[in-house]
Amino acid sequence: METGWKEVVFSLARDVERAVMPLFGKPEGGKEVGKNVSGDVTKYVDRVAEDIVVERLKPLGINIVSEEIGLIDQGSDLTAVVDPIDGSYNFSSGIPVFALSFALFKGKRPVYSAIYEFLPGNYYEAIPGHGAYLNGRGINVVPGEPEKAAISFYTLGRGLGIIGRVKRIRVLGAIAVEMAYLARGSLQAVVDLRNYLRPTDVLAGTLLVREAGGIVVDESGREFNPSLSAEEKVNVVASSDKRLLKIILEGIKNGTQ
C-alpha cells in the first residue's frame, strides 16, 4: 500500500487550505487572471492553489498534470493528476462545496487517489485493491431502489428522461465532491454529459468510487479510462450499482425523451 502518499497529499492539501481560505467568498478570489490549457478561465484562487501544488510536488521529481498549466514532464514513471480547487466558482461565490483532487499513476496504472473537502475537513482516499476511506474509515457506495435514488446530473439536454426515473437531482458544482459523496453513500450516481469535464476533475473520484464498490463508465457504457491530461474533454457516468446504471444509460440512449 502506498501509505507514504497519504502524508504527502494531506500535508499538501492543508498547505493549500491555509493559503486560499482567507479568499473564500471574496471577489479577489474569483478575479480572472488568464486562461488555462483547455481555454477556460483561470481564477486568482486557482493560480494561488496551483502554485503551491507545483512548488510542493516538483521537488519529488514526479510528472505533474494540473488543471491550469497542464503537463510538467520530469521524465518520471509517476504522474500526479491534480485539480487544486475543484469547484472554484463555488469558492469565489461563498458556497462551501469545493475540494482538492489528487490522483497518482505509475505509467497508466492508478496508485493512489485523494479528495480533500476543505470546509468539513474530510479526507477521502483510495488505494487500488485496498478500498476507499473517509478520514481513515472504510466507506462503500449504498445502492438503493432507482426510484428512490439521489443523483448528481449535469446535461445540456441529453438524457432528460433520467430525471423522471429517480427521486432527486443534485447539482453541487464540484464533481470531485459529488463523486466522493457517491463513494460514501450520500448519492447513488454522478452523471455529466456536457463534454466539459477534464481528467483532472474526475480521475481521483473515479478510483474512489471504484474502490468503494461503484461503477464508472463513459456515456456509452464503456469503461471510463481517460488520458492523464488537463485538456481532453470527457463525459462520465458513475453509479452505485448495475441496475441504476442501466436506467441511466437507457435515458442517455433515448436522447431528450
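The values are calculated or read from the model by the stated rules, or taken from the named source; none is laboratory data. Computed from a predicted structure; not experimentally measured. Ideal geometry is used to build each Cβ from the backbone, glycine not excepted, and the neighbour counts take in all protein chains shown. Side chains included, ligands, DNA and RNA excluded: accessible areas come from the protein's heavy atoms. Shrake-Rupley method; radii C 1.70, N 1.55, O 1.52, S 1.80 Å.
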DSSP beta bridges in segment 1-157, what fraction antiparallel, as a percent rounded to 5? 90 percent
Can you pull the percent of segment 1-109's accessible area that's carbon plus sulfur, 1.4 Å probe, other chains left in place? 52 percent
So if I take the centroid of the Cα atoms in segment 74-145 and the same for segment 152-187, what is the distance between those two points in Å? 18 Å
Quick one: what does P(r) look like for the chain with 5 Å bins over all Cα pairs, in whole %? 1, 7, 14, 19, 20, 17, 12, 7, 3, 0, 0
Over segment 1-107, relative contact order from alpha-carbon pairs under 8 Å, at least 6 apart, %: 24 percent
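Quote to one decimal, in nm, the extra length available between residue 195 and residue 233 on full extension: 0.36 nm per residue of separation minus the C-alpha distance between them.
13.1 nm
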Note on the chain: contact order normalised by length, alpha-carbon pairs under 8 Å, 6 or more apart, percent, works out to 17 percent
Could you give the accessible area per residue of the chain, probe 1.4 Å, as a whole number in Å²? 43 Å²
Where a Cα-Cα gap under 15 Å defines reach, which aspartates and glutamates qualify for residue 108, not counting those fewer than 8 residues away within the same chain? 73, 77, 223
Projecting the Cα atoms of 45, 61, 252 onto the charge dipole of the chain, where Lys and Arg contribute +1 and Asp and Glu -1 at Cβ, the residue farthest towards the positive end is 252
Compute the distance in nm between two label points, each set 7 Å from the Cα along the Cα-to-Cβ direction, one at residue 171 and one at residue 220. 2.7 nm
Using 28 Å as the Cα-Cα cut-off, could you pick out the over-long pairs in 58/233; 6/246; 43/253; 6/253? 6/246; 43/253; 6/253
If one compares the long axis through the Cα atoms of helix 4-20 with the longest principal axis of the Cα atoms of the chain, the angle in degrees, nearest 10, works out at 80 degrees
